[in-house]
Every structure is written in C-alpha cells, then in structure tokens.
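Quick notes on the structure that follows.
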Number of protein chains: 2
Amino acid sequence: MSSAEAISGIKKQEDTNNALEQVQQLVETYPRVPITVDCVIFGFDNNELKVLLIRSDLEMFDGKWTLLGDFAHDDEELDDAAYRVLRERTGMRDVYLEQVKTFSKPHRHPGGRVITVAYCSLLNTEHHALNILDNELHWHTVKTACNMAFDHKEILDVCYKWLQKRMLEHPLGLNLLPEKFSLRELQNLYEAILDIKLDRRNFRKKFFSMDFLIDTGEYEDDVHHRPGRLYRFDFDKYSQNKKKWTGIEF
Amino acid sequence: MSSAEAISGIKKQEDTNNALEQVQQLVETYPRVPITVDCVIFGFDNNELKVLLIRSDLEMFDGKWTLLGDFAHDDEELDDAAYRVLRERTGMRDVYLEQVKTFSKPHRHPGGRVITVAYCSLLNTEHHALNILDNELHWHTVKTACNMAFDHKEILDVCYKWLQKRMLEHPLGLNLLPEKFSLRELQNLYEAILDIKLDRRNFRKKFFSMDFLIDTGEYEDDVHHRPGRLYRFDFDKYSQNKKKWTGIEF
DNA sequence: ATTCTGTTGTGTTACTTTTACACTTCTATT
DNA sequence: AATAGAAGTGTAAAAGTAACACAACAGAAT
C-alpha cells in the first residue's frame, strides 16, 4: 500500500466515523417512547373461541383483565419480544404468531405514553397446559370478554376481526385444533370463529376438494355416537399449492 | 354530604393518586425507544406505479433514497404523525392512509435503535403537485426502486405486496386516478399494480356488474383516438354495499 | 336383541360466476 | 377516402357455489 493510499484509507475511516457520529447524534434528539407488545393468544375449547387473559397487577385497574404483555427489551426485535411473552406465560415455542397492529393513542396508558404492538397467536388449549397460573391466567370466552384494562378490549376486537378475515384465506384455524381432528370439529371451529352456520355437505366438499386433508384411517374414540374419521392437515402440500389471489371483488 | 362520606371521598382520592403514581412509576422503568413513521406514498403516472422518495440527508447514506419519514412527536398518535408527514411533504390532506406494519430490527438504523411504523398512502400524481422539492423529492418507479437507505427497500416491498392484496378487496386504486377516469385508465392501473394482464371485456363486465361506477356522460378529450367514456366512483354506494367475506378459500 | 337417538357420510341439480374469445363503431391522422 | 388504434359489445363453455334428503352407523335405553 502506498502512503497516499494509506492516507486516503485513514481519511475514509474518519469520514465513516464522522458520519456515524452524525447519525447517532441525530437519533439522540428523537423523543423516546416505551414500547410494549401485547399478545392476543386465541384458543379453542368446548366449541368456543377463547383468549388468554390475566388480572391486572395495577391497583388502578383492580379486578380488570389484561392481555399478556410486556415491554420490549433493549435491542430486542418486537417479534422476539412477543415470542418471549408467549414463552414466559405459556411455556410454548413454535406456535403461530403474527404482528397485527400498533396502538398509539397518547393516553391509552394512564402511566404516561406507551405504544403497544399487538400480536396474535393461536394454540390448541389441550396441548398447552397453563403451567404458570399467576394473576389468574385463564382462557376467557372471547364473546363475553369485557371489563378490560387499558385499551385491551379494542385490541382484542381488532385481533378478533383480523382472525376472522385471515381464517378465510389461510388455514390458521388448524393451529387451534389437535393434530388429528374430525371434520365436525373443523366445522365447529369455523362456525364458532366466523359466527355463522355452514352447510355440512358443502363444507366437507370444499375441504376435500382443496385436497389438504390426510385421512389417518383412525376414528374418534371419545364420542357418544358414530365416530367420525380423523384427518391431519398437510401443511407442506398447502404451502406449495396455496391459492394465489387474482380476482377483483369488492 | 355526611362527614363519613367526605372522609371516604378523600380516602378514595388518595387511593386514586397512589394508584396513578404506581402506574407512572412503573412506566418510568420501561426502556424507551425512538419511534418514527415512514410513509410509502404511491402514485400512478404514465401507466406506472410510482412512490415518493427523497435523497437521504445523512452523510452515511450519501446518494441513497429514503421514504418520507419523521419521528413521532410527544403525545402524537402515530396515525396523526403519518398524516403530518404527508402534509408537510406534499401539502395534502384527506387522502387515504393506512397503517401497514411496524419494523423493529435492532440494527435497522445505524444511529441506534429506532422503531418505525410504515403507513401507506395513495394519491393522484396530477392533483398533487410536489410543492416542496427539497432533497430531490420525486416520483420514483416502484419496479426500479433500489439503492435505498436503512431497511426502506424492505418496507417498500412489504407495502407494495400489501397494496396488491388490498387492491383486490377494496377500491383503493381509485385514489390513484383522477376523479373522472376511463375504464382503460382503470384497467391500466390494475394491470400495472398487480403486474398481470386482464381481459378487457371481462374487466368491464366485472366493474359494471359491481355497479359502483357512475357514467358522467363525458368523454376523454386528451387522447389521439376514439375517446372513452368517463366515470366517477360511487364511494357512498360502495360503503353501503361492500361485499362481506364468507367463502373459505386457501 | 330390539328400538331409539344423534351423528357420520354421501350425490344431484339449479344457479351463479368466471373464462375465453371476435367483430363493429368511432375518432384522429394521413 | 383510407388507415390506424382504441372503444364498445355478447355468447358459450366451464367452474364454482348453494340448496337440499336419506341411508349407515355407534351408543344408550329398553
């Protein structure tokens, strides 16, 4: 390396350092806000859609219910924070989790400005025993959820609508059922979440024609009538063949 | 009021104050993060989808393009911040604006941790002259957008996908056209944004059957061939009759 | 074992929606 | 007057959706 090149190298390094300092100083001037994540964890049990709630810790919200939330740690991506909350509260990993919306009304938190990012998760209540029952953690029927702290009712409503819509486009609901399920269970799930009645034959036809159900050859055995066949969902086949959206309809 | 009631009232007030202090102290302990909004402002011109970009101010991103962004003010709801950015940059109010997604990778901003919330806006390039041309504000073709600062390319990509999907469910695209438009312009818009070819007859049939187009009786006059009829979109009728989603398809 | 009850499992028809496709009308240009 | 280029229109085949009834089966009660 020539000395001219070396000098030029040093110059460049200095420029980079200066540029970095400039950006860092700029960011210093930004107002800072506490960020939390709130997890709306849906489950399905007894033919009803449920959501995990706990009692608020805060005196101010005495007796009210809240979603599972926590502030985001330094240098923690919000997706990771949501997974962490889920893990800390339910002991579960590898469940479906998706960012839904950010809520930022200036006075949504009485303790000062706090912005929260809502995440949705869906899990099978049977497979996910609630190990940590602090704060009366429990599955609450979504339809009757009320008396909630902060703007958590609004967040729940938005997430519920989100779920209803996504259910029609993606087989999210299957995360709410056991690995093996009967078509009746599947239909109950759709009827409960979408809050509509569906024709049984057309429902079956629809799902069979999509060709993502694998017949396990097994039958229900915990039921007091003719047992239905049990199916698994073929997630691999689904991810290869999922429908591309082309039609304009509004 | 009895003195017992008065005392009880004072007691309650004290409790409330204590409770409030408790919450405020709690929020004090949360880590704080700078929040910005970034606006992805789409326009349509010359049969191409465009997006508003400016040159980065930062030495570090010399020559790179960025979305229109700004940090959120204290006690400013993020929706309002996005509208403010839009107003400050384009002088426009009353345009469509929607929150899309929050981006929070810890090192997405070189100056330290910054979380950003992306908003999408669609506007008609003809009706929205760019008054403020600082930082080389200009309409950039979406397809060729690259060399962007921060994670703005990723944000743009996410918003573009979001737009493509929403276009099929809601008449968002009409915010990109003049108030009166021909069916050819409308089809060009859909073809450009969705990046597909559509059958002209079926496209017309589809839109006429939806019955949201109002025939103005006028014709194009800036065109070197047989002029097409001009239509307006009936937003009122649309908002009353918009399709409810029921079918399961994935 | 017989009967009763409730659920599973299946097929057809009418209707609606989507797709594919070609020719005439109209305006501006030459 | 001829030409070029886009507007405007209809139909038939195919696919998908919606409505609807009855036999097979398992468990429970008798």
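Within segment A:35-168, antiparallel bridges make up roughly 70 percent of the DSSP beta bridges whose residues both belong there.
Taking each label point as 7 Å beyond Cα in the direction of the beta carbon, state the distances from A:E88 to the same residue in the other copies, shortest first, in nm. So the distances to the same position in the other copies read 3.4 nm.
Taking B:Q187, B:Q13, B:Q25 as the candidate residues, the one with maximal mean-square fluctuation in a Gaussian network model of chain B, Cα springs under 10 Å, is B:Q13.
In this simple spin-label approximation, B:R93 and A:Q164 carry label points 7 Å from Cα along the Cα→Cβ vector, and these lie 3.3 nm apart. The chain B residue nearest the rotation axis shared with chain A, using its Cβ and rounding the distance to whole Å, is B:R32, 2. Label point of B:Y219 (7 Å along Cα→beta-carbon): distances to the other copies' equivalent points are 7.3 nm, sorted ascending.
What does the copy distance list look like for B:D74, label position 7 Å along Cα→Cβ, in nm and ordered from shortest? Sorted ascending, the copy-to-copy spacings read 2.3 nm.
Projected label points at B:D80 and B:D57, each 7 Å from Cα along the beta carbon direction, are separated by 2.2 nanometres.
Taking the C-alpha atoms only, the angle from helix A:200-210 to the longest principal axis of chain A is near 50 degrees. With a Förster radius of 30 Å applied to the C-beta separation of B:L20 and A:C146, the computed FRET efficiency comes to 0.80. Pick from A:H109, A:H224, A:H152 the residue whose mean-square fluctuation is largest in a GNM of chain A, springs joining Cα atoms under 10 Å. It is A:H224.
What is chain B's relative contact order, in percent, from Cα pairs under 8 angstrom and six or more apart in sequence? Before the final figure, lay out the partial values.
Values: 346 pairs, mean separation 45.5, N = 250.
About 18 percent, as a whole number.
R0 = 51 Å: FRET efficiency of B:Q240 with B:E126, Cβ-based, nearest 0.05? Each step should come with its number before you reach the end.
On the way: r = 29 Å, r/R0 = 0.57.
With a Förster radius of 51 Å, E is 0.95.
For the residues A:R89, A:R204, A:R226, a GNM of chain A with alpha-carbon springs under 10 Å puts the largest fluctuation on A:R226.
Of the GluC sites (Glu not before Pro) found in segment A:144-245, those in coil by DSSP whose Cβ has at most 15 other Cβ atoms within 10 Å are A:E179.
Per-residue surface analysis assigns A:D80 an accessible area of about 80 Å², computed on protein heavy atoms at 1.4 Å probe radius.
The values are calculated or read from the model by the stated rules, or taken from the named source; none is laboratory data. Everything numeric in this text was worked out from a predicted model, so none of it was measured. Cβ: placed from backbone, ideal geometry, glycine included. Neighbour counts: every protein chain shown. To get the accessible areas, we keep the full protein, side chains included, count just its heavy atoms, and leave off ligands, DNA and RNA. Shrake-Rupley method; radii C 1.70, N 1.55, O 1.52, S 1.80 Å.
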